[in-house]
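Presented below is the structure to which this report refers.
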Amino acid sequence: MLDLFDDVNVGSYMIKRITYEETKPFILDIHYAKRMPPMKQAYGLYKGSELVGICSYGIPPSHTLLKGVCGEEYKNKVIELNRLVLKENKKNEASILVGGSLKQLGDKVVVSYADSTQNHVGVVYQATNFLYTGVTKPMKEVYLKSKPHLHHTSHKGKTFKEMEEEYGDDVGYRLRSCKHRYVIFVGNKKFKREAAKSLRYAVLPYPKSDANKHNALGQGRA
């Protein structure tokens, strides 16, 4: 069995754990959101000695999601693949990185999103056998006009009135973008089998888009 700290080799590539600092040039300079997400662990895709891609995992900021995927019993096993970024996004690099990193997570229920506003449908998740569970509902959220890139959880649940008192006219409302939601169960066979039985979302056919056939840059939660 693969040790959780073992590197994974796929052809001429290697996938291994990397630090928070090593992810920054990819997330802040390449990813469309330009924002560091909550991160528990991250993995790098190496071509020789060069780091050519990263993906990161963290606890979802939504407590509703933690219990909503598979119920109370599995809420502590839910983790989100929240950033996936490649330098050049050469063919198969995204799926090699995701597939290799999933093998190092242990027993987990992994959730990830593809942002429809970026014309992403989650092709890399389809290639790595995630289950497709539909599109999230649009929701109204409070945001700062001067910092539209900030995630709504950065405001720590403050109401519009509380935000307005603090920031004045800089506060506004916007619709949160719809995202394609994917789920996969990883770890030992017994865990995967039992957790999958508790999935609360309906499994649907994969959405398709020829325009996104090889587009994985910036996949993940916005």
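The values are calculated or read from the model by the stated rules, or taken from the named source; none is laboratory data. Keep in mind it's a predicted model, so treat the numbers as computed, not measured. Glycine also receives a Cβ, built like all others from the backbone with ideal geometry; neighbour counts cover every protein chain displayed.
Some points to look at:
- Residue that is surrounded by the fewest Cβ atoms within 10 Å (Cβ to Cβ), among those in the stretch 123-138 that are part of a loop (DSSP other than H, G, I, E, B) and modelled with pLDDT of 95 or more: Asn129
- Summed over the stretch 38-78, residues that are touching a residue at least 12 places away in the same chain (Cβ under 8 Å), assigned to a helix (DSSP H, G or I) and of a type in the set (Val, Ile, Thr) total 1.
For every residue, the table says whether it meets (1) surrounded by fewer than 16 Cβ atoms within 10 Å (Cβ to Cβ); (2) out of contact with any Phe, Trp or Tyr (no Cβ under 8 Å at 6 or more places or on another chain).
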residue: Gln41; (1), (2): no, no
residue: Glu50; (1), (2): yes, yes
residue: Pro60; (1), (2): no, yes
residue: Asn89; (1), (2): no, yes
residue: Val98; (1), (2): no, no
residue: Ser101; (1), (2): no, no
residue: Gly106; (1), (2): yes, yes
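- Against the conditions (1) over 20 Å from Asp115 (Cβ atoms); (2) at pLDDT 95 or above, Ile184 satisfies every one except (1).
- Condition met for Ile54 (more than 23 Å from Met36 (Cβ to Cβ), buried (at least 18 other Cβ atoms within 10 Å of the Cβ) and of a type in the set (Val, Ile, Thr)): no
- Scanning the stretch 32-50 for residues that are under 21 Å from Thr128 (Cα atoms) and either touching a Pro at 6+ places or on another chain (Cβ under 9 Å) or not polar (S, T, N, Q) (or both) turns up Ala42, Tyr43, Gly44, Leu45, Tyr46, Lys47.
One line per residue, one yes/no per condition, for (1) assigned by TED's automatic domain parsing to the domain that holds Met39; (2) at pLDDT below 95; (3) assigned to a loop (DSSP other than H, G, I, E, B):
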| residue | (1), (2), (3) |
| --- | --- |
| Glu80 | yes, no, no |
| Leu97 | yes, no, no |
| Ala114 | yes, yes, no |
| Val121 | yes, yes, yes |
| Glu162 | no, yes, no |
| Gly168 | no, yes, no |
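- Enumeration of residues in the stretch 1-55 that are basic (Lys, Arg) and modelled with pLDDT of 90 or more: Lys16, Arg17, Lys24, Lys40, Lys47
- Filtered by the rule that a residue be of a type in the set (D, E, K, R) and touching a residue at least 60 places away in the same chain (Cβ under 8 Å), the stretch 79-89 gives Glu80, Arg83, Lys87.
- Selection from the stretch 7-19 of residues that are surrounded by 13 or more Cβ atoms within 10 Å (Cβ to Cβ) and out of contact with any Gly (no Cβ under 7 Å at 6 or more places or on another chain): Asp7, Tyr13, Met14, Arg17
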